[in-house]
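Structure first, then comments.
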Amino acid sequence: MFTAPQVVALLEELAFTHVVTIPDSTLGQWEDSLKQCESIEYVGVCREGEAWAVAAGLQLGGATPLVMIQCTGLFESGDSLRNALFDYQRPLFGLVGYRSFLDQSTLPGDTCLKFTEPILDAWGMDWALYDQADDTEGQLKAIAAQCLKCREADVPGIALVAEGRA
Amino acid sequence: MDSTQRGMPLSESLGVLRETREDDDVVMTVMGTAREWMQLGDLHPLDWIYVPSSMGQAPALALGMALAQPDKQIIVCNGDGCMLMNLGALVTITAQDPSNFTLIIFDNGIYEITGAQPTPATAGGDSLVDYPALAAAAGFRQIFAFDQLDHWQQSARDVIEAPGPTFVHLAIEPVPGAAGPRSPSHAPTRAEQFAEALQR
C-alpha cells in the first residue's frame, strides 16, 4: 500500500532511531530504503519474538525503536510482547503487516484474517487498521497521529497495515 | 572447590562476575542466575534482574541495550535451556556485531527451576550440543569455555574486555531443589530506574 520513500519519510518524521524487523513480501520492499536511511538503524532479527525484546533493550537504553513484523510474527511473538509491553510496561510501537487483507489470491481463506484483529483486541492494546489503499497520504498521517498519541500517553501501540499478498 | 572437579558451583561462578564487573558494566541475569545473583548481595543500579522474563529472550534484550549504549559493556548470563529456546539469537547478535556484548551460558544441562528435567540436549545422557562450536559457527568474535572455577576466575576480566561479540560457556553444577527467582520489586518501576542508570 505504501512506497518505500513514504515509509522512510514517516519513520523519519516520527524520529524512530531503529527498525527491528523481519521482512515479508510487503515489508521487504521497504528494506533497501530503510537500510540507506542515515537516521535509522536497521536491525534484522531471526524470529519475531526477538524483535520485541531487542526493541525493549533499545528503548531502555534511550533509543526509539519501531517493531515491524507481519501478523504471523505477531502470533509467534506473543510471550515476548507480553513480557516487554505488560510485565515491564515498555511503550513500544509496532507496524504490523496484515497478510492477505487486500488480496487473498495467493492464500485463499488465509486464517490471518480470522485471528489478527481478535488477538490484538485480546492484548488490549491501542491498535488501528490502515486499509485505505486509495488514500495513502491520509493513512500515513493517521499512523503518525496514532503513534504520537501513544507516545503522549506512554502506552504501546500497533499500526495494522493491510497487505495484498503473502 | 576442587580444581579437578568438572563443573562449577553456580553461586561461585557468579561470584567471580560480581568481583570482576566494573562500575559501568551492565549485568543481566535470568532464571537461576538471577536467583543466585540476588542472594550474593546488594544490587548495582546496572544490574538487570530479568525476572519476570520471556524465556529465551535475554540475549535479544541485552543486544538492544548494547546497540543503544555502545560505550557500556553488556554482560548477559543465560541458561542452556534458555539458549536452546532461541538459538537464532546467536545470529541476530553477530549480524549486529556489537563489540560491547558478552553472552555467558551457564550450562547445567537441565531445566533447574521446573524440577531438574533434562533439556532435549541432555535427555539421552551426555550433552548433544557443543555450545562454543555453535557460537563459533554463528560468527562470534571471541569464544571461551571454562569448567573450572579457578580458570574462570583468572580469565574473567580479560574475557569481558575482549572485543566482542563474545561467547562464554561455563559448565555448571545443578542446584538440587532450587526454586525459581522472584522479581525483587515492582518490575515496571525497576525498568524505569534501570533505564535512568543505563542512559546516565
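The values are calculated or read from the model by the stated rules, or taken from the named source; none is laboratory data. Everything numeric in this text was worked out from a predicted model, so none of it was measured. Positions of Cβ are backbone-derived with ideal geometry, glycine not excepted, and every protein chain shown enters the neighbour counts.
What number of residues within segment B:64-121 satisfy the criterion of being under 17 Å from residue B:181 (Cβ atoms), small (Gly, Ala, Ser) and under 16 Å from the mean Cα position of the chain (by Cα)?
Of the residues in that region, 2 qualify.
State yes or no: is residue B:128 touching a Ser or Thr at 6+ places or on another chain (Cβ under 9 Å), at pLDDT below 95 and either surrounded by fewer than 22 Cβ atoms within 10 Å (Cβ to Cβ) or more than 14 Å from every other protein chain (Cβ to nearest Cβ) (or both)?
yes
Only residues in segment B:48-59 that are within 7 Å of chain A (Cβ to nearest Cβ) count as the first member; pair them with residues that are surrounded by 24 or more Cβ atoms within 10 Å (Cβ to Cβ) and of a type in the set (Ser, Thr, Tyr), Cβ under 6 angstrom, at least 6 apart or cross-chain, and list the lot.
Close Cβ pairs satisfying both conditions: B:54/A:80; B:57/A:80.
Residues checked against (1) surrounded by fewer than 18 Cβ atoms within 10 Å (Cβ to Cβ); (2) in contact with a Ser or Thr (Cβ under 8 Å, 6 or more places away or on another chain); (3) assigned to a strand (DSSP E or B):
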{"site": "B:145", "(1), (2), (3)": "no, no, yes"}
{"site": "B:152", "(1), (2), (3)": "no, yes, no"}
{"site": "B:159", "(1), (2), (3)": "no, yes, no"}
{"site": "B:163", "(1), (2), (3)": "yes, yes, no"}
{"site": "B:168", "(1), (2), (3)": "no, yes, yes"}
{"site": "B:171", "(1), (2), (3)": "no, no, yes"}
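Given the criteria crowded, with 24+ Cβ neighbours inside 10 Å, farther than 17 Å from residue B:86 by Cα and not polar (S, T, N, Q), does residue A:45 qualify? Write out each step before concluding.
Working: crowded, with 24+ Cβ neighbours inside 10 Å: yes; farther than 17 Å from residue B:86 by Cα: no; not polar (S, T, N, Q): yes.
Considered against the rule, which asks whether it is crowded, with 24+ Cβ neighbours inside 10 Å, farther than 17 Å from residue B:86 by Cα and not polar (S, T, N, Q), residue A:45 comes out as no.
Just one of the numbered conditions (1) touching a Leu at 6+ places or on another chain (Cβ under 7 Å); (2) closer than 17 Å to residue B:166 by Cα is not true of residue B:68; which one?
Every listed condition holds for residue B:68 apart from (2).
Could you please tell me which pairs satisfy a Cβ distance under 7 Å, a separation of 6+ or placement on different chains, a first residue in segment B:174-187 that is touching a residue at least 40 places away in the same chain (Cβ under 8 Å), and a second residue that is among the hydroxyl-bearing types (Ser, Thr, Tyr) and surrounded by 11 or more Cβ atoms within 10 Å (Cβ to Cβ)?
Here the result reads B:187/A:88, each pair linking segment B:174-187 to a residue that is among the hydroxyl-bearing types (Ser, Thr, Tyr) and surrounded by 11 or more Cβ atoms within 10 Å (Cβ to Cβ).
Of the conditions (1) under 21 Å from residue B:24 (Cβ atoms); (2) within 14 Å of chain A (Cβ to nearest Cβ); (3) in contact (Cβ under 8 Å) with a residue 40 or more places away in the chain, residue B:163 clears all except one; give me its number.
Residue B:163 satisfies all of (1) under 21 Å from residue B:24 (Cβ atoms); (2) within 14 Å of chain A (Cβ to nearest Cβ); (3) in contact (Cβ under 8 Å) with a residue 40 or more places away in the chain except (2).
Restricting to helices (runs of 4 or more DSSP H) lying wholly in segment A:1-117: which have 2 or more residues that are at pLDDT 95 or above, facing another protein chain (nearest Cβ under 8 Å) and farther than 18 Å from residue B:95 by Cβ?
The helices (runs of 4 or more DSSP H) meeting that bar are A:48-60, A:78-81.
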